[in-house]
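Below you'll find the structure, written out as structure tokens, and then a few comments.
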Amino acid sequence: MAQFLRPIATTLSSRIATGDHTSIDEAVPDDGDYIRTQNIYPGGAAAVFECRLSPALQPRSPNATLRLRSYDPQPYGSYMTLSLKQGAQQLWTAEYDPPGIGIRTAEVSPDISGVTDWSDLSFRCEFYLPGWQTPGGARNVYLYWLELEIPDRVPASLLMLL
Ligand SMILES: [Ca+2]
């Protein structure tokens, strides 16, 4: 059994027009609710959303999969900076370039080797358009769903040996 970490509290919402953690926390993706950014502009300030993730137990291996479902209405893409934080400390970050148009589900493999407290993790996403990205112009970008999957917990019998 894997463990699934999902959004449980919105901790930062900047230039977000609609939605909060309850819009992206479903077990089965539901496109009926979502986070929608305000208009973001080429080279302009990013829209930022940050949420706490549900607590988990130490997994038996550090193989994690971050899944997100997003939508950019223009064919020339916005970018997202995805991050995982423990408390205020950033543990992992990566750029994500949503491919093409339409609602897409993506999987990325975050490095979770630095996590020591599985009850204090947050997800951060910055939505932006690069300064050179003029085709399509300003637009709203959408995030429909998010989950972090990690392996099952370390067996209790092994934890006693640690
Ligand atoms: Ca949703």
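Taking label points 7 Å from Cα along the Cα-to-Cβ direction, residue 116 and residue 1 give a separation of 2.9 nm.
Dipole magnitude of region 3-150 about its Cα centre, charges +1 at Lys/Arg Cβ and -1 at Asp/Glu Cβ only, in debye to the nearest 20?
Around 200 debye, computed over region 3-150.
Under 11 Å from a point placed 7 Å out from the Cα of residue 8 along the Cα-to-Cβ direction: which residues of region 98-121 have their backbone N that close? It comes to 118-121, nothing else.
Ignoring everything except DSSP H segments at least 4 long, calculate the 222 nm mean residue ellipticity for the chain; use -39,500 (n - 2.57) per segment, divide by total residues, nearest 500. Can you show the working numbers first?
Working: 1 runs with 4 residues, N = 162.
Dividing the helical sum by the residues of the chain leaves -500 deg cm²/dmol.
For residue 44, the residues whose amide H sits under 5 Å from its own are 129, ignoring neighbours fewer than 5 places away on the same chain, with H placed 1.01 Å from N. Note that region 17-32 has calculated 3J(HN,Hα) couplings of 8, 9, x, 8, 4, 6, 7, 10, 9, 5, 6, 10, x, 10, 7, x Hz, one per residue in order, obtained from phi through the Karplus relation 6.51 cos²θ - 1.76 cosθ + 1.60 (θ = phi - 60°); glycine and proline are x. The length gained by stretching the chain between residue 106 and residue 45 to full extension, at 0.36 nm per residue less their Cα-Cα distance, is 19.6 nm.
Taken one residue at a time, the phi angles of region 89-101 give Karplus couplings (6.51, -1.76, 1.60, θ = phi - 60°) of 8, 7, 9, 7, 8, 7, 8, 10, 10, x, x, x, 10 Hz. Gly and Pro are set to x.
DSSP finds beta bridges in region 3-150, and of those with both partners inside it, around 100 percent are antiparallel. Amide hydrogen proximity for residue 91: with H placed 1.01 Å from N in the peptide plane, the residues at 5 or more positions away or on another chain lying under 5 Å are 84, 85, 86.
Note on the chain: GNM, Cα springs under 10 Å; of 78, 14, 54, the largest mean-square fluctuation is that of 14. Return a whole-number percent for the relative contact order of region 1-152, with Cα pairs under 8 Å and 6 or more residues apart as the contact set. Across region 1-152, relative contact order equals 39 percent. Ordering 10, 93, 37 from the fewest to the most neighbouring beta carbons within 10 Å gives 93, 10, 37. Between residue 26 and 146, the built amide H atoms are under 5 Å apart, and every one of these is 5 or more places off in sequence or on another chain.
By the count of neighbouring beta-carbon atoms within 10 Å, fewest first, 4, 49 end up ordered 4, 49.
Values in this text are rule-based calculations from the coordinates and carry no lab data. Predicted, not measured: the structure shown is a model, and the values here were computed from it. Neighbour counts run over all protein chains shown; Cβ positions are idealised from the backbone, glycine included.
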